[in-house]
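Okay, structure first, notes after.
Quick note: the coordinates plus some simple rules give every number you see, no bench work behind them. Only a predicted model underlies this, so the values are computations on that prediction, with no experimental measurement involved. A quick note on method: Cβ atoms are made from the backbone with ideal geometry, for glycine too, and the neighbour counts reach across all protein chains shown.
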Amino acid sequence: TFYDDAFTVDQKRVEKICDEIIRRGLDIEWDCETRVDMVTRPLLEKMRRAGCIAIWFGVESGCQMMIDKMKKKFTIEQTRKAFKMAHDAGLLTVASVILGFPGETEETAWETINFIKSLNPADVGFYIATPYPGTPLYDMVKEKGWLKTEDFDKYDTATPVFETPYLSMEKLKEIRFKAYQQFYLRPNYIIKMFMRGGVYGVSAVKTSLAYLLRSLHIRLS
């Protein structure tokens, strides 16, 4: 993995890296992270030839209003285009999503979840908006009195630590669990990832089975 949250921000650098991997005949597989507005079809095709197997995209939200509130400066259409280009280039995709950012409602959260399923990624990460000290988000929720804890062991992007008038912490936790449940328990998805195999395929099937067992436990308890 190239650990860089915007690997393709300098596309000429990425091309040089890929060209060198190809020139040396290095038989390696790798993945990377980037933004949906920082890729082109030719670049993705070259990355694939250089051994890239998957790309993690910061989708953030499937609701344009929420993307604008996060000041991400890209559009839903750019997200759709990036995923299509990546799939056409033979790359697996992973969607990174933020749930619970101020302004989020139950409706916008589900709009995002349904949007993610329509993108058909190989995997997904639903992360809870987390206000780390020193960030504008922390200052906002602190000023508005929304922050519920400063136990930083809970600042793990999986646990809500602030609550807005639009979405309670309990409801956000419930939505996040259901989002994963709906994503991983689709029969067609499980079959597709089982047939694919490899690191991503095996991981997806294991996660799907884990959510199946957890769902059965909840239903029977």
What does the net charge come to around Glu20 if you take all other residues with beta carbon closer than 12 Å to its beta carbon, with K and R at +1 and D and E at -1? +3
Within the under-14-Å Cβ sphere about Asp123, not counting Asp123, Lys/Arg +1 and Asp/Glu -1 give a net charge of +3
Taking 0.36 nm per residue of sequence separation and subtracting the Cα-Cα distance, how much length would be gained by fully extending the chain between Lys206 and Thr75, in nm to one decimal? 43.9 nm
Rg and Dmax of segment 8-88, Cα atoms only, in Å: 13.9, 46
Choose one of Met47, Phe74, Gly103: the residue whose Cα lies farthest towards the positive end of the charge dipole of segment 42-111 (beta-carbon charges +1 Lys, Arg; -1 Asp, Glu; about the Cα centre). Met47
Tell me, in nm to one decimal, what length is gained between Gln182 and Tyr3 on full extension, where the rule is 0.36 nm per residue of separation less the Cα-Cα distance? 61.6 nm
Give the Debye-formula value of log10 I(q)/I(0) at each listed q (0.20, 0.21, 0.22 Å⁻¹), with one equal scatterer per alpha carbon of segment 109-221, two decimals each. -1.08, -1.12, -1.17
Over the chain, consider all pairs of different Cα atoms and compute the Kirkwood hydrodynamic radius from their mean reciprocal separation; express it in Å, one decimal. 18.7 Å
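Quick one: which of 18-26, 48-56 comes out on top by average Cβ neighbours within 10 Å, and what's the full order, highest first? Intermediate values should be presented prior to the final figure.
Numbers: 18-26: 12.2, 48-56: 19.7.
Order by mean packing, descending: 48-56, 18-26.
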Of the options Val199, Tyr132, Val9, report the single residue whose Cα projects farthest towards the positive end of the charge dipole of the chain (beta-carbon charges: Lys, Arg +1; Asp, Glu -1). Val199
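Can you list the chymotrypsin sites (Phe, Trp or Tyr not before Pro) in segment 1-46 that are in a DSSP coil and have 16 or fewer other beta carbons within 10 angstrom?
Details: sites: Phe2, Tyr3, Phe7, Trp30; in loops: Tyr3, Phe7.
Sparse-neighbourhood loop chymotrypsin sites (Phe, Trp or Tyr not before Pro): Tyr3.
Full-extension gain between Leu213 and Arg23, please, as 0.36 nm times their residue separation minus the C-alpha to C-alpha distance. It would help to have the intermediate numbers written out before the result.
Details: separation 190, 0.36 × 190 = 68.40 nm, distance 4.69 nm.
Stretched out fully, the Leu213 to Arg23 stretch lengthens by 63.7 nm.
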